[in-house]
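One structure is given here, and the rest of the page talks about it.
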Amino acid sequence: MITEPLHTFSTVPETSYSSSEGEDDFFDANDSPFTSSQLNTPTSNTRTLSEHTGRLSGEEQYASAEDSTSNSLKKQDTISAGQSGLVAPLLVGAGADGVATRPTLHETGLPAAVSGSGVPRRSYDSKALPIRTDGSLDYDALYEDESDNDLSMESHGSVVTHLLSQVKIGMDLTKVVLPTFILERRSLLEMYADYFAHPDLFLRIADLKEPRERMIQVVRWYLSAYHAGRKSSVAKKPYNPILGEIFQCHWDIPELPTGDEATNVEVKDGPVPWCRRDQLTFIAEQVSHHPPISAFYAEHYNKKISFSAHVWTKSKFLGLSIGVHNIGQGTVTLCDLNEESILTIPWIELGGTVTITCPQTGYRADIDFITKPFYGGKKNRIQGEIYGPNDKKSFISISGEWSGLMEYKYNDGSKPSKFETFVDVNSIPIFKKKVRPVAEQDENESRKVWREVTAGLKANDIEKATNAKFQVEQKQREEAKERKETFGEWDTKYFKGIGESWIYTTPLLHRLTLEKRDSKR
């Protein structure tokens, strides 16, 4: 019987968010492992190889957070509620002022798409948003637009100042109401796909012959993953996924052709059934709302490699940053080699240690994410060591910045002991993920769920964005209330819970094992 290979990565840097069930409007635990806890962060890397074509607790808890904060927010900048953050260290959660004071669709001029017509009202500024020739809003172009023209922090300085006055060091941020304008224009589920912005580095793990070289490549891919999630000059909070939300995408990797037209057929039983065997596919699902757990899975059929992970977070206020403690694990599986790498999940600023282990071969790596001191020093620094089986001394040392150049040198005399480039994330291309058009998506897919919030944010119309966000969350509350009244439970679609882990129901290794068994009959 084939067992899954493991390569494990673990990180526990300091930054956390948390939210109560049903309270997506408050400072939320669902922060991404790609946001920085610094108030000011470098702009994102925009190099691409290809362009895109085509459990809730109840409403009482939700309303209880209004007491100290939301009343003040109502008086400022027409922000009646919203979700957002304190700039990944100070931009993370979100807030709501409650149902009674929420503006109606008519009052805010929310696009008619929310009420079913699919055609936005003319209140949209065609200069700010992509409009199709038929007058409808081009949601696909909207999501692919990564330009940073959002409202500045300075323009809402009074709101931010008020928010800071409400929090104390060590405080749980569940009940802190935060404004909509700090939100990033995409779901957290979509942000997790950025782990594969360099899919070529991930797939090369499967090509290497020696376990030592494979471990080195796992570390190289892992360290290249963090910078790509930065879409703005200021770190922001992605949308908190609703329970049952799904995100699917894929990547083409022309530099690594596999198979031919005859063999590269669609993988009907794969995570993205309209994709071929030579494409890297990705699926994410929000499997729990309290705690807020996201599970995601990626695979490349021809390379016989997959990655599965689940993540959830906790948060507290640290003074100048938000502590976001990510809890979870990821596993790289090499289906043909009986080898796995297990990864743990890091804090956000990133500070703490990540461990990567391969139980089958004994290789391991420790990566320290070093936080910037209050005075001086550099941001985004890392220091890593890779060890052989049972070794106490590392054979490779890695240092540098995860947002830039990282270098390494051999310590065992096998190669010259001098630092050379390990990976420079600013000199390698980002592969653009491909997502099917919003019009073809199911109602619970991320881009379709949040399309009106995204439109409002892009147009800098905070009232529209806030109202649209409220409509999404209110629907979730109503569904949760109905389940509670009928004693029903939420059933996940693509992942199943096993102990404290969440596993993709039909992983590539399992399907390949069945194929081999069937071929012998």
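If you go through the stretch 277-310 one residue at a time, how many are closer than 19 Å to Asn444 by Cβ and not in a strand (DSSP E or B)?
Within the stretch 277-310, the subset closer than 19 Å to Asn444 by Cβ is 281-290, 292-297, 310.
Now drop any that are not not in a strand (DSSP E or B), which leaves 290.
So the count comes out to 1.
Conditions (1) hydroxyl-bearing (Ser, Thr, Tyr); (2) out of contact with any helix residue (DSSP H, G or I) (no Cβ under 8 Å at 6 or more places or on another chain); (3) at pLDDT 95 or above, marked per residue:
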position	(1), (2), (3)
Tyr363	yes, no, yes
Asp368	no, yes, no
Thr371	yes, yes, no
Ser394	yes, yes, yes
Asn411	no, yes, no
Lys415	no, yes, no
Phe422	no, no, yes
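For the stretch 447-457, indicate whether the set of residues that are within 26 Å of Gln476 (Cβ to Cβ), open to solvent by less than 70 Å² (accessible area, probe 1.4 Å), in contact with a strand residue (DSSP E or B) (Cβ under 7 Å, 6 or more places away or on another chain) and of a type outside the set (A, V, I, L, M, F, W, C) is non-empty.
yes
So how many residues does the stretch 183-224 have that are over 11 Å from the mean Cα position of the chain (by Cα), in a helix (DSSP H, G or I) and of a type in the set (A, V, I, L, M)?
Number of matching residues: 9.
With (1) within 18 Å of Phe307 (Cβ to Cβ); (2) at pLDDT below 95; (3) open to solvent by 10 Å² or more (accessible area, probe 1.4 Å); (4) not charged (D, E, K, R) as the list, and Gln217 as the residue in question, which single condition is left unmet?
Answer for Gln217: the failing condition is (2).
Can you list residue pairs whose Cβ atoms sit under 7 Å apart, with the first residue in the stretch 186-200 being closer than 15 Å to Glu285 by Cα and the second being at pLDDT 90 or above and among the acidic types (Asp, Glu)? Count only pairs 6 or more apart in sequence or on different chains.
Ser187/Glu245; Leu189/Glu245
The values are calculated or read from the model by the stated rules, or taken from the named source; none is laboratory data. Fair warning: this is a prediction, and the values are worked out from it, not measured in the lab. Ideal geometry is used to build each Cβ from the backbone, glycine not excepted, and the neighbour counts take in all protein chains shown. These accessible areas exclude ligands, DNA and RNA; they are computed on the full protein's heavy atoms, side chains included. Shrake-Rupley method; radii C 1.70, N 1.55, O 1.52, S 1.80 Å.
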